[in-house]
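Asks: Sharing a structure, written as structure tokens. Questions coming.
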Amino acid sequence: MKPAPFEYRAPEDLDEALAVLAERGDEAKVLAGGQSLVPMLALRLTSFECLVDIGRVAELQGARREDGVLVVGAGTVDAAVGADPAVAASVPLLAEATPLIGHFQIRNRGTIGGSLAHADPAAEYPAVALALDAELEVASAAGRRVVPAAEFFEGTWTTALEGDEILTAARFSVWEGRCGFAVEELARRHGDFAVAGAAGGVALDPDGTVVRCAVALIGMESTPVRAWRAEAALVGTSPGPAEVVEAAQLAVDGIDPPADVHGSGAYRKKVGAEMVRRMLTRALEEAARV
């Protein structure tokens, strides 16, 4: 199929892009990498009178470290995120999650901002942002604001972004000390969306006690989910395998995953607990080696 007719705009700077959105309102849609939006347009699952391609806006691209925070421009393509040494050194979870996103063709075109704004609950970057308490910078012609990741994802393909706003950057605080991070997910084939998964990290004190823990679930509800009970169960302990299994079960307690052709809700919940166990095990092992 082919998409419905639309006007194509490719502004050279952010102010021009924001002006188009302010002018066209709900008729316009931001086009970042297009790896999710273009197929939806082609299948006529959605349509817009105007697409605003922000791929040429240089100020939305690249990553930089400033005052203990890694700032990643929303227009940075996934492949660049995964290959950037500054990202790997500052926020290892971002670098580890990137190879799990689709195939290399998708990572060469898709952007971190596009993934976050699309808000697919089975996507990796939204879960990473939630686990690491990222702050998302948003701009419109009327001004700028910052939205915590915990308040950004509102439902499947739904975020706190207004129709005239563009996600401009994601800010990740850099963890210091003995830290370990991991992403685990189950997919039918490499490149498919995860049936269930988990992303997160731990920080240990010199004695091996967990002083910080982050766990986010992938593909388990209509948004990525933060597993607060699992985190609280591990903080202040020196967990062994049994404690990790218990925390993994706490992570999925109370979750009601959707059923689809890939499995029932009960199956997804069982897989989710196992993904949390594997993720925490790897993160703890990595932190212990530091």
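Taken together, the values in this text are just the output of simple stated rules run on the coordinates, not laboratory data. If you're wondering where the values come from, they're calculated on a predicted model, not measured in any experiment. Neighbour counts are summed over all protein chains in view; Cβ atoms, including those assigned to glycine, are modelled from backbone coordinates with ideal geometry.
Asks: If you take the charge dipole of segment 251-290 about its Cα centre, with +1 on Lys and Arg Cβ and -1 on Asp and Glu Cβ, which of Leu284, His262, Val252 is farthest toward its positive end?
Replies: Positive-end residue among those listed: Leu284.
Asks: Report the charge-dipole magnitude of the chain in Debye, nearest 20, computed about the Cα centre from +1 at each Lys and Arg Cβ and -1 at each Asp and Glu Cβ.
Replies: Taking the Cα centre of the chain as origin, the dipole is about 880 debye.
Asks: Sticking with this structure for a sec: Name the GluC sites (Glu not before Pro) in segment 1-100 that are in a loop by DSSP and that have at most 15 other C-beta atoms within 10 Å, would you?
Replies: Loop-located and lightly packed - Glu12, Glu49.
Asks: Go through Leu70, Ala227, Leu21 and say which Cα lies farthest out towards the positive end of the charge dipole of the chain; charges sit on Cβ, +1 for Lys and Arg, -1 for Asp and Glu.
Replies: Projecting each Cα onto the dipole axis, the largest value belongs to Ala227.
Asks: Give a quick list of trypsin sites (Lys or Arg not before Pro) in segment 33-105 that DSSP marks as loop, anything other than H, G, I, E or B, with at most 13 other Cβ atoms within 10 Å.
Replies: Arg44
Asks: Let me ask another. Of the residues Thr209, Thr76, Thr168, which exhibits the maximal mean-square fluctuation in a Gaussian network model of the chain defined by a 10 Å Cα contact cut-off?
Replies: Highest fluctuation of the listed residues: Thr209.
Asks: So how strong a dipole does segment 7-53 carry about its Cα centre when Lys and Arg Cβ are +1 and Asp and Glu Cβ are -1, to the nearest 20 debye?
Replies: 360 debye
Asks: Just want the answer: with Cβ charges of +1 for Lys and Arg and -1 for Asp and Glu, which residue in Ala139, Gly208, Ala169 is farthest toward the dipole's positive end in segment 120-255?
Replies: Gly208
Asks: For the chain, what does -39500 (n - 2.57) per DSSP helix run (n ≥ 4), summed and divided by total residues, give at 222 nm, in deg cm²/dmol to the nearest 500?
Replies: Result for the chain: -10000 deg cm²/dmol, rounded to the nearest 500.
Asks: Something else about it: Highest GNM mean-square fluctuation, the chain, Cα pairs closer than 10 Å: which of Ile255, Ile166, Ile218?
Replies: Ranking Ile255, Ile166, Ile218 by mean-square fluctuation puts Ile255 first.
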